Amino acid sequence: MQHLSRRHFLLAVGATGSATLLKGCAITPPSPDALSPKAQALTLSSLTAPETTVVKLGYIAIAESAPLIIAREKGFFARHGMTDVAVSKQASWGAARDNIEIGSAGGGIDGGQWQMPMPQLISEGLITKGNRKIPMLSMAQLSTQGNGIAIASQHAGKGFGLDVSGAAEYVREMKASGKPFKAAYTFPRVNQDFWIRYWLGAGGIDPSKDIDLIAIPAAQTVASMRTGSMDGFSTGDPWPSRILRDRRKYGFLAVLTAQIWPSHPEEYFAMREDWVRKNPKAAKAILKGIMEAQMWCDDPKNRAEMAAILAQRKYFNVPSDLLIGPYTGEYILGAERKTVKDEKLAIRYWKDARGSVSYPYQSHDLWFLTESVRWGFLPQGALGEADRIINAVSGEKFWREAAQELGIASADIPPSTSRGIEKFFDGAEFDPEKPQAYLDSLKIKTMKA
Ligand code: CA
C-alpha cells in the first residue's frame, strides 16, 4: 500500500468530519448531556445476581457495535447487575483477536464483537498465535445489514452495480494490463471478505483470480481510496458513508449487503468460554443488557440520541448525521449518486423481516463455514466437521435462557436453531440441510481438498 504521511492521512480523514459537508442534515441530535434517563436497576435474585460485576468487552468503531456501547451508556448492563462493564475500542480485528487470546487478566478482553466465523476460527486455533485453541461461545448476533461495497470513482460507468457482470470484462482487462483491480477488507476470511467475494462471483468475476484482495485497517481506507491505492472496499457503516460524503467524490457505493442477501447474518457477540463457565449468570446478565439495548436501538424515537452517543470522540468519532441514514435505510447509491430511502435496507439490531436478529442461528454459522470451504479457506473435509465446530461454539442456549428471564414474548424466540432456506439476490439458495448442494450449485469457487 502506498505510504501516506501522518499529515496527509489526517487531512483525508479530517475533511470528512468537516461541518461544511453536513448539508441536508434533517435531524439535530441532542447533546450528550441532554439524553433520556438511563434504565432503572432491577432487584436481583439469587438466580439472576451475577458472579462478578466486572467484564471487558472489545468493539470496533462501526455500527455493528452499537448494542454494546448503548448497553453501557444507557444502563442496560448495570440494570442486570453488571455495573463495571468496560467497552474497549479495538484498533483492528487483528488486535481484537490478540486481546481475546490473552483475556482481561492479561490486559486483553473477555469477549466482544466479532466478524464470522472468527469465534469458530479462534476456538479451533486457526487464526491464533501458535495455533492455540481458545474456546469461545457465540451468544448473540449484534446486527443485520448495514454493510456495503464502495468503488473508486475512476471506475464509474464500468458496470459496478448490484449485478456486476457488466464489469467482468473491464476487471479482467485490468488484470491483463498488469494493474489488477484491488479490493480491500478489514480482515481476511470473514464477513467483509465473503460479501465482496459473493457479489463478484455472482457477476462472473472470480475473486481468487481476476482481482487482488487486500486487508486494510478501516481507519486507512478513506485515504487509500482517495489516493488510488484501493479500487474497492467492503465494510460496515459509517465507513461507506464517509467515502460517499466526501466532497471530492473519490468513491461511490456500488451495492449494499442488504441487497445481496436481505436480513443476512452480520457480526456477533462472543466471549471466552472459560469466562462464561466461571460466570454463567454474569454472561446472561450481559446478554440481557445487549438484548434490551438492541430493542432500544431499533426504536425510531431513539435514533437521534443513539447517533449522538455513537458519534462521540471516545466511540466512533464521526459527525452524528452520518449515522442517521443507515438506520432509516437512506443511502446514496451508484455512480449516479441516487438517493434511495427504503426501510428494508436499514441496519436492524433486534428484529428484521425474517424475525429475530439477536438470536444466533446455527444455520448461519453453517453458511459461514460452507462459504469458507467455497473459497478454500477451510478444506472440503471441514464440512463433515461443521456440526462439531458449530456445536462447540454455539451459545444459543444462553440466549434462550436470557430471553426467557427477560420475559421476551415466545413469538420473538425462534423455535429452531435453523432459519431455514436462505435466498440471495442472484437466485442462489442455501439450504442448511444440504450445504454440499449449495456448493455444487455455485459456478465460481476455489475449493481445496
Ligand atoms: Ca461488518
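The values are calculated or read from the model by the stated rules, or taken from the named source; none is laboratory data. Just so you know, these numbers come straight off a predicted model, no measurement behind them. Note that we place each Cβ from the backbone using ideal geometry, even for glycine, and neighbour counts take in every protein chain shown.
Note on region 123-178: residues that are away from the ligand (no atom under 16 Å from the Cβ), within 27 Å of residue 240 (Cβ to Cβ) and among the polar types (S, T, N, Q) amount to 3.
Could you look through region 41-79, keep only residues that are within 16 Å of the ligand (Cβ to nearest atom) and hydroxyl-bearing (Ser, Thr, Tyr), and pick out the one that is nearest to the chain's Cα centre (by Cα)? Steps first, answer last, please.
Of the residues in region 41-79, the ones within 16 Å of the ligand (Cβ to nearest atom) are 58-69.
With hydroxyl-bearing (Ser, Thr, Tyr) added as a condition, the list becomes 59, 65.
On the way: 59: 11, 65: 8 Å.
Among those that are within 16 Å of the ligand (Cβ to nearest atom) and hydroxyl-bearing (Ser, Thr, Tyr), it is 65.
Applying the selection to region 255-280, what residues are outside any helix (DSSP H, G or I) and over 12 Å from the mean Cα position of the chain (by Cα)? Please lay out each step first, then the result.
So the first thing to find is which residues in region 255-280 are outside any helix (DSSP H, G or I), and the list is 255-256, 261-272, 279.
Those that are outside any helix (DSSP H, G or I) and over 12 Å from the mean Cα position of the chain (by Cα): 255, 256, 261, 262, 263, 270, 271, 272, 279.
Residues in region 100-122 that are under 22 Å from residue 85 (Cα atoms) and more than 16 Å from the ligand (Cβ to nearest atom): 100, 101, 102, 103, 104, 105, 106, 107, 108, 109, 110, 111.
Output the helices (runs of 4 or more DSSP H) that fall wholly within region 71-140 and possess 3 or more residues being of a type outside the set (A, V, I, L, M, F, W, C), or say none. Correct list: 93-102, 118-123.
Restrict the check to region 45-53 and report whether at least one residue is of a type outside the set (Ser, Thr, Tyr) and either buried (at least 24 other Cβ atoms within 10 Å of the Cβ) or within 17 Å of residue 317 (Cα to Cα) (or both).
Of region 45-53, the ones of a type outside the set (Ser, Thr, Tyr) are 47, 49-51.
Subset that is either buried (at least 24 other Cβ atoms within 10 Å of the Cβ) or within 17 Å of residue 317 (Cα to Cα) (or both): none.
No, that holds for no residue.
I'd like to know if region 223-238 contains one or more residues that are at pLDDT below 95, within 16 Å of the ligand (Cβ to nearest atom) and acidic (Asp, Glu). So far as region 223-238 goes, yes, one or more of its residues are at pLDDT below 95, within 16 Å of the ligand (Cβ to nearest atom) and acidic (Asp, Glu).
Report yes if residue 181 is within 14 Å of the ligand (Cβ to nearest atom) and not small (Gly, Ala, Ser), otherwise no. Before the answer, list the steps.
Details: within 14 Å of the ligand (Cβ to nearest atom): no; not small (Gly, Ala, Ser): yes.
Against the criterion (within 14 Å of the ligand (Cβ to nearest atom) and not small (Gly, Ala, Ser)), residue 181 does not qualify.
Looking only at region 267-275, decide whether some residue is charged (D, E, K, R), touching a Gly at 6+ places or on another chain (Cβ under 9 Å), closer than 26 Å to residue 372 by Cα and surrounded by fewer than 21 Cβ atoms within 10 Å (Cβ to Cβ). Checked region 267-275: at least one residue is charged (D, E, K, R), touching a Gly at 6+ places or on another chain (Cβ under 9 Å), closer than 26 Å to residue 372 by Cα and surrounded by fewer than 21 Cβ atoms within 10 Å (Cβ to Cβ).
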